[in-house]
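Structure first, commentary second.
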Amino acid sequence: MEYGLDKRSNALKTFNTTFIIIWLLIACFPFIWTFWGSFKVRADFFSRADWWYAISAFNTLLETGGQFTSKAYSEAWTEGEFWKASRNTIIVTVFVVSISLFLGTLGAYALSRSTERYAFWILIAALIFRAMPHITLVSGYLFPFFELQIWGILPTTIVVLVAINQPFTLWLLYSFFKTVPKELDESALIDGCSYFQAFRYIIMPVMWPGVITAGLFSLMLAYNDFTVTALLLNQENHTMVPKIQSYLGTNQHEGNLMWAVSAVVSATAPLFMLVMFFQRQVISGLTTGAVKG
Amino acid sequence: MPNKTFFWFFLPTGLAMILFIGLPIISTGIQSFYAQHDQVVKEVKKCDPFGCTVSIVVDQEATSILRDEKPLGKFNGFGTYIDRNHLAIEQISDFWKETDTFGEFINQVTNLPFYKALLFTLTYCLFVTPNVLLLGFIIALSLNAISRKIRGPLIFGTILPMIVTPLVGSLVLFWMIDAEGIIGANLQLMMEDPYLSLKSSRTLTWITIIIYGIWHHSPFAFVVFYAALQTVPQEPVEAAIIDGASRYQRIRHIVLPHIYPVVTFVALISLMDNFRVFEPIIGFSAEGSAQSLSWLIYDNLVNEEVILFGSAAATSMMTIIGIAILLAPVLIRTWKEFRTAR
């Protein structure tokens, strides 16, 4: 928004810039600090004596002989079995994203092309489902899953995450499909396509931006989930986020807290890269729901 | 689209939602009426040269047989809802009779686990939601005034707190604020109080978690407001400038009315998200002084000895009722709009 007539005073400009800088510091500094600290030993990053040790690396020098050490990373990934957690996260994320996109595009396409009243009610029901706290759903799952003996394994968690993710995916893709003109698939139908063919060959090729956005959000949900994965997976199958929590709980030896720090950095870095790459899609996804509906 | 085609297109996603969102809610409802079995006890007669004593011990075998037969537990009706750990009807009426002043009564009631959690959850919602709206709006306004060329990286920096999972976000902050972290240590130096720490006081813990909530949710409000600001029409703004409206007046009378629907949307979403606050309590290891409704459910579900399905389910049902109350105005409004649109 560039106001042609709007002349800002210098004082306002300075104030504005200062405010943005302070906010960015608040938003980003914790991550930078954790990244920095993950290359130190515990006695420095969590220093009882002097917080300046985290910068001067007093104990890191004593213990390892260098300013930086990647000991926490190597230990967490091998001894702490973080490799297994990240493998599980990759499996869960890949399956959740592909399945929920498949189900979501079909359902949202049908919703956007239906003129019946039940389509409206389905969307409202999805909104209510979206509002359910995940932990209340988990308290509903646990008992039946124990009885059916499907608790603790990855496929169960994948299906649950797909289902939890559906309401949001439906709403998002619904508003994207609404922007694709109806005439496009109607002409295909007149030419003799079935609904599925029209969907597959006419609509999907123009829907990629929407699908990528919806995929990103499914990915963030699956990647970031704690409630479902912590309670529905057994120790062996834990994904990254519950694994980080388990490093906090076990204070058997000194290294564990630093494992958590390095694990946090390892888990966050790929996510940041992804968002940096797809920033435009993330923002358009967050706003389509808001501005249009 | 014909109904039949709609059915086949919608079947997979509908089935997933019914099976894994609809049924669990029903399952939670059923579980909330059951409670775990009491242990079966039996009398054991022990005789020694000095006579016989009768002692009562737990009959492990009978207990496990009972548990296998009826895994859901014994039927308890609304018993779980009104017990001490939930609505605590009995305790409250006792407090009402025993306490002299109203303040004391409130004090006693908010010490009960459910009310304690409810109080924290509501306080969190009450403080976080308006501040998120305010901070998000201010950031959107001031980023909007910055040159377009450098906006991209600035937006990326701004949304970082939102894209990390709450557990990681709260851990990252906790490691700085804790007594051994950079901010905590400096606060101790500044206040000249070597024992000052996050865990030392309930108020401090609450404030920290609320600050975390604002930090984590503001970027979402920012993104939505920022997008809405791009759609504000130029002409009325320019007309207002010519008429001599101040910057504040322009925002108050032109920008705000334009983005008003979006404000209600953000308020609703962030209220819903705040109501289920849970992960920061684990991240800040604040279980001792701050418990939310979601945390109570989690605590029941990870119970060491026997998972308290009934108790967790009762709290879940009451949380769902809370969500329904929050959602009701929106649903009523949508329904009215739908009625008039027809």
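If you place +1 on the Cβ of every Lys and Arg, -1 on the Cβ of every Asp and Glu, and leave all else neutral, what size is the dipole of chain B about its Cα centre, to the nearest 20 Debye?
Working: 23 positive and 27 negative charges, 338 e Å.
Rounded to the nearest 20 debye, it is 1620 debye.
When the Kirkwood hydrodynamic radius is evaluated over all pairs of different C-alpha atoms of chain A, what value in angstrom, to one decimal, is obtained?
Working: mean 1/r = 0.0443 Å⁻¹.
Every distinct Cα pair counted, the radius reaches 22.6 Å.
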Query raised in the report: Tally Lys and Arg at +1 and Asp and Glu at -1 over the other residues with C-beta under 15 Å from the C-beta of residue B:3: what net charge comes out?
Result: +2
**Report entry** Charge dipole (debye, nearest 20) of segment A:112-215; +1 at Cβ of Lys and Arg, -1 at Cβ of Asp and Glu
**Finding:** 200 debye
**Report entry** Averaged over A:46-56, number of beta-carbon atoms from partner chains that fall within 10 Å
**Finding:** 3
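So for chain B, considering every pair of alpha-carbon atoms, how many percent are separated by more than 30 Å?
On the way: 33629 of 58311 pairs.
The proportion of pairs with Cα distances above 30 Å equals 58 percent.
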Query raised in the report: Could you state the number of Å between the C-alpha centres of segment B:1-72 and segment B:281-342?
Result: 22 Å
Query raised in the report: If you plug each phi of segment B:151-167 into the Karplus form 6.51 cos²θ - 1.76 cosθ + 1.60 with θ = phi - 60°, what whole-Hz ³J(HN,Hα) values come out, in order, with x for Gly and Pro?
Result: 5, x, x, 5, 5, 4, x, 5, 8, 3, x, 7, 7, 7, 5, x, 4
Query raised in the report: In degrees from 0 to 90, rounded to the nearest 10, what is the angle of the helix A:134-148 Cα long axis to the longest principal axis of chain A?
Result: 90 degrees
Query - Cys with no candidate disulfide partner in the protein assembly as shown (beta-carbon separation under 4.7 Å rule) - result: A:28, A:193, B:125
Query raised in the report: Quick one: which of A:62-74, A:154-166, B:192-204, A:30-42 comes out on top by average Cβ neighbours within 10 Å, and what's the full order, highest first?
Result: A:154-166, A:30-42, A:62-74, B:192-204
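Over all directions, average the projected area of the Cα convex hull of segment B:122-167 and note it in nm².
Working: hull surface 15.3 nm².
Projected area, direction-averaged: 3.8 nm².
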Requested in this report: May I ask for the distance between the Cα centers of segment A:47-85 and segment A:179-197, given as a whole number of Å?
Outcome: 60 Å
Report task. Using +1 at the Cβ of each Lys and Arg and -1 at the Cβ of each Asp and Glu in chain B, identify which of B:31, B:228, B:210 lies farthest towards the dipole's positive end. Result -> B:228
Query - Highest-MSF residue in chain B out of B:312, B:228, B:62 [GNM, Cα springs under 10 Å] - result: B:62
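Of the chymotrypsin sites (Phe, Trp or Tyr not before Pro) in segment B:1-62, which ones lie in a loop per DSSP and count no more than 12 other C-beta atoms within 10 Å?
On the way: sites: B:6, B:7, B:8, B:9, B:10, B:20, B:33, B:34, B:50; in loops: B:33, B:50.
Those satisfying the criteria are B:50.
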Query raised in the report: What Kirkwood hydrodynamic radius, in Å, does segment A:182-257 give when the mean of 1/r is taken over all pairs of distinct Cα atoms and then inverted?
Result: 16.3 Å
Report task. Would you pull out the residues with amide H under 5 Å of residue B:34's amide H, same chain only if 5 or more places away, H placed 1.01 Å from N? Result -> B:76
Report task. Calculate the spin-label point distance for residue A:124 paired with residue B:238, positioning each point 7 Å from the Cα along the beta-carbon direction, and give it in nanometres. Result -> 4.3 nm
Query raised in the report: Treating the beta-carbon of each Lys and Arg as +1 and of each Asp and Glu as -1, no other charges, what is the dipole magnitude of segment B:67-210 about its Cα centre, to the nearest 20 debye?
Result: 820 debye
Query - Across B:116/B:199; A:84/B:199; A:13/B:149, pairs whose alpha-carbon gap is larger than 27 Å - result: A:84/B:199
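Per the Kirkwood treatment, what hydrodynamic radius in Å, one decimal, follows for the protein assembly as shown from the mean inverse distance over all distinct Cα pairs?
Numbers: mean 1/r = 0.0366 Å⁻¹.
When all Cα pairs of the protein assembly as shown are included, the Kirkwood radius is 27.3 Å.
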Query raised in the report: So which lysines can residue A:178 reach, going by Cα to Cα under 27 Å and dropping same-chain residues fewer than 8 places off?
Result: A:292, B:4, B:336
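Every number in this text was worked out from the coordinates using simple rules, so none of it is lab data. All of these numbers come straight from a predicted model, not from anything done at the bench. Using ideal geometry, Cβ is built from the backbone for each residue, glycine included, and neighbour counts are taken over all protein chains shown.
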